Amino acid sequence: MREEAMAAPGLPRSPEELKRHPFAEALFRETLRMYPPVSWTGRQAKEDLELHGKRIPKGTTVLVPLGAYGFDPKLFPEPDRFDVTRWMGKKVPPSAVETAAFGGGPHFCLGYHLAWVEVVQFATAFARELARRGMKPQLAPGSATPKLTYFPFGAPPKKTRIQLVRA
Ligand code: HEM
């Protein structure tokens, strides 16, 4: 992250400039895969329908587990492993399942591209500032790697603490 941040001339402000930040983008996608803040959403059936052999009568509320798609081992081998590199080198834009953290269909997140560029900008600025000060982040003593929390929203446990130490 630090190497990429130091190599870029500034913070990205356009899709063209975002291409200089493949690691930061991969970090954004892998973090959302494992820690989706919006882990589920709901829809109401507008008509009777059948889903995977189950009859869904009109008016039923159907919950969609957005956070679960990122843990499908067919799509993401060893899904419990945080691995930024699984997103790198992809030649095609992310699929609907790969962007499930932002919902889907007509109500797909309006802020998707803004969130993407903001996270890349933040990660880049933060990495640069830490490099300038010769520091790096690490989990504070006694603090464990965040466990997944899904309900009502995805969030790290309150006890998670990160500290900055000399690199
Ligand atoms: C990592 C950041 C974000 C995540 C994970 C996220 C996630 C989501 C999800 C899952 C939905 C769909 C909810 C549903 O269909 O029930 C949604 C909708 C929406 N998001 Fe985001 N969002 C993020 C950032 C943002 C930002 C930065 C903005 C605005 C600046 C934004 C604005 C919206 C709006 C307006 C909708 C509703 C779209 C509609 O109903 O047509 N989101 N978001």
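Could you tell me which residue of the stretch 113-134 is nearest to the chain's Cα centre (by Cα), considering only residues that are open to solvent by less than 40 Å² (accessible area, probe 1.4 Å) and either among the aliphatic types (A, V, I, L, M) or within 7 Å of the ligand (Cβ to nearest atom) (or both)? So, considering only residues that are open to solvent by less than 40 Å² (accessible area, probe 1.4 Å) and either among the aliphatic types (A, V, I, L, M) or within 7 Å of the ligand (Cβ to nearest atom) (or both), the one nearest to the chain's Cα centre (by Cα) is A115.
For the stretch 55-71, a residue qualifies if it is at pLDDT 95 or above and either open to solvent by 80 Å² or more (accessible area, probe 1.4 Å) or under 15 Å from the mean Cα position of the chain (by Cα) (or both), and the qualifying residues are R55, K58, T61.
Checked against (1) more than 13 Å from the ligand (Cβ to nearest atom); (2) in a helix (DSSP H, G or I), D80 passes all but condition (2).
Within the stretch 1-16, the residues that satisfy the criterion of being open to solvent by 100 Å² or more (accessible area, probe 1.4 Å) and not in a helix (DSSP H, G or I) are P9, R13. Within the stretch 32-64, being in contact (Cβ under 8 Å) with a residue 24 or more places away in the chain and either aromatic (F, W, Y) or more than 17 Å from C109 (Cα to Cα) (or both) holds for M34, Y35, W40.
The values are calculated or read from the model by the stated rules, or taken from the named source; none is laboratory data. Not measured: the values here are computed from a predicted model. Heads up, the Cβs are rebuilt from the backbone with ideal geometry, glycines too, and the neighbour counts pull from every protein chain shown. To get the accessible areas, we keep the full protein, side chains included, count just its heavy atoms, and leave off ligands, DNA and RNA. Shrake-Rupley method; radii C 1.70, N 1.55, O 1.52, S 1.80 Å.
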